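Worksheet for the structure shown next.
None of the figures in this text is laboratory data; all of them are computed from the coordinates on show. Given the structure is predicted, the values throughout are model-derived calculations rather than measurements. Here Cβ is always computed from backbone atoms with ideal geometry, including for glycine, and neighbour counts include all displayed protein chains.
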Amino acid sequence: MKRISLTQYLVEQQRDRGQIPPPLRLLIETVARACKRIAISVNKGELGDVLGSADTENVQGEVQKKLDVIANEVLIEANVWGGHLAAMASEEMDSIHVVPDRYPQGEYLLLFDPLDGSSNIDVNVSIGTIFSVLRKVTNQRGVSEEDFLQPGKQQAAAGYCVYGPQTTLVLTVGDGVVMFTLDRETGSWVLTERQMQIPADTKEFAINMSNQRHWAPPVRRYIDECLAGKTGPREKDFNMRWVASMVADVHRILSRGGVFLYPWDQREPEKPGKLRLMYEANPMAFIVEQAGGVATNGRQRILDLLPTKLHERVSVVLGSKNEVQRVTSYHLDETPPAA
Ligand code: AFP
């Protein structure tokens, strides 16, 4: 495959296919540059004094790691002045960050989980950054939280970066899913996969099994059937993987198929799920659908959900089409598809 850079790819998309307007191209390049800076901090680890707790809490009441705070600042600093954005929202900030008057305002809204999988930072396991891009659709002056409350199907772009054995950037602008790998020697993002596709079938599931006793019946049923293996109703053995960084689990599914579940459970019954709709579920659902997979909250397509608040949580089932449809049909209490 001819190796081209992220910049060349974006320019070609803009020129040949009219896919990416210039401000969106600038936005994507800026986020990718910020991810490079985050990757440098992640790689330094103890040597860069970036491990451990920041001794602060985010809006969800979670203790922030130093890298959560660093990654958040890097993304804000990189994006605030370019003129492509109206405002940003982050899993790590209580409220939106409006672009100050001293900078030009653009039409895009950027949302991110700056460092997904924080519990894995200090133990040197893959973590990542997830981002989602919306357009400011209202004509009113200024920008408010309301502007962000759009269904995921309106995303203009979404992506994630995995800081793992390789640093990879996966991107969609609604025309398939592409992957870039960071060449650490040249500092360049190089196109390494032009069309990521999730196979419709799989024998691999990802769920935190320690919550089994808290699950709802449809989730129990699905996992019980997988665990029953060859002699059970599915008539095949399943394997389990759980990294506890959504980016890494989703990246595996994009690379070789699988199903990821973070369902509602009885630990905190008033919450619809653990993962955040706007920073995790929506961007991942957009990417997964663009790669031929499916993403639901157990009942509805995630991209159709209308958020009511910025930090909304949601149940997530995503990945290989036939498996996600099966889990969804169990929730809807329909006859399951034939094995
Ligand atoms: P943090 O970024 O706060 O560590 O959360 C990671 C995450 O949101 C997602 O990436 C994982 O899939 C999930 O939480 C892991 O949660 P459990 O620790 O409950 O399995």
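Calculated on the Cα set of the chain, radius of gyration then Dmax: 19.6, 66 Å.
A simple count of charges around ASP249, restricted to other residues whose Cβ falls under 13 Å of its Cβ and scoring Lys, Arg +1 and Asp, Glu -1, yields 0. The ellipsoid equivalent to the alpha-carbon distribution of the range 154-198 has semi-axes of 20, 11, 10 angstrom, derived from the gyration tensor eigenvalues as √(5λ) and listed largest first. For ASP116, the residues whose modelled amide H falls within less than 5 Å of its own, excluding neighbours fewer than 5 places apart on the same chain, are GLY128, THR129, ILE130.
In the chain, what % of DSSP beta bridges are antiparallel (nearest 5)?
Antiparallel bridges: around 85 percent, rounded to the nearest 5.
Can you give me the span-like helices of the chain, meaning DSSP H runs with 24 Å or more of Cα extent along the axis and Kyte-Doolittle mean at or above -0.5? Result, helices passing both filters: 22-44.
In the range 7-89, the ratio of gyration radius to Kirkwood radius, Rg to Rh, stands at 1.10 when only Cα atoms are counted. Please list log₁₀ I(q)/I(0) at q = 0.17, 0.22 Å⁻¹ for the range 191-256, using the Debye equation with identical point scatterers on the alpha-carbon positions. Results for the range 191-256 at q = 0.17, 0.22 Å⁻¹ read -0.71, -1.04. Mean residue ellipticity at 222 nm, helices only, the chain: -8500 deg cm²/dmol; runs of at least 4 DSSP H residues each add -39,500 (n - 2.57), and the sum is divided by the number of residues. Extent of the range 233-300 along its three principal axes (Cα atoms, max minus min coordinate, largest first): 35, 30, 24 Å.
Relative contact order of the range 6-193, taken over Cα pairs closer than 8 Å and 6 or more residues apart, is 15 percent. Considering only Cα atoms, the convex hull volume of the range 78-121 works out to 72 Å³ per residue. In this structure the amide hydrogen of VAL99, modeled in the peptide plane, comes within under 5 Å of the amide hydrogens of ALA87, MET88, none closer than 5 places in sequence on its chain. Across the chain, the relative contact order, built from alpha-carbon pairs under 8 Å that are at least six residues apart, equals 15 percent. Shown for the chain: cysteine residues without a partner Cβ closer than 4.7 Å, namely CYS226.
Dipole of the chain computed with +1 at Lys/Arg Cβ and -1 at Asp/Glu Cβ about the Cα centre; of ILE121, SER245, ILE223, farthest Cα towards the positive end is ILE223. Rounded to the nearest Hz, the phi-derived 3J(HN,Hα) couplings of the range 257-265 under the Karplus curve 6.51 cos²θ - 1.76 cosθ + 1.60 (θ = phi - 60°) are x, x, 10, 10, 10, 10, x, 4, 8, where x marks glycine and proline.
Mean sequence separation of contacting Cα pairs (under 8 Å, at least six apart), scaled by the length of the range 1-116, corresponds to a relative contact order of 21 percent. Among the lysines of the range 204-332, pairs that are 8 or more positions apart or on different chains and have alpha carbons within less than 24 Å of each other number 5. Which whole number of Å³ per residue matches the convex hull of the alpha-carbon atoms in the range 6-193? Cα-based convex hull of the range 6-193, divided per residue, equals 126 Å³.
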